[in-house]
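The structure under discussion appears below in the form of structure tokens.
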Amino acid sequence: MKCNVGGIDRVLRIAVGALLVALAASNVVGWWGWLGLIPMATGLFRFCPAYPLLGINSCGTSGDKGSCCK
């Protein structure tokens with residue numbers, strides 16, 4: 001699995017996912033808040049299965065110095 005989720009994308013996925021899970025755990029939102037586990041996991045693993053299908057890579061090219069794909 002080659003990473004395809006870059007820095008800002010990764011931070012936003014983890015933050016939004018954690019917020020949704022926290023809201024679901026505290027019964028502020030319904031069961032759908034547990035879907036926050038999906039963006040949280042894609043941020044932690046730095047891989048989004050939908051990105052290759054859509055031709056997206058927020059990680060940059062693998063030749064970049066600041067690339068997350070090393």
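What to note about this one:
- Qualifying residue in the range 5-19 (condition: β-branched (Val, Ile, Thr) and surrounded by 19 or more Cβ atoms within 10 Å (Cβ to Cβ)): yes
- Some residue of the range 24-35 being among the small types (Gly, Ala, Ser) and within 10 Å of the chain's Cα centre (by Cα): no
We did not get these values from a lab; they are worked out from the coordinates using the rules stated. Just so you know, these numbers come straight off a predicted model, no measurement behind them. Ideal geometry is used to build each Cβ from the backbone, glycine not excepted, and the neighbour counts take in all protein chains shown.
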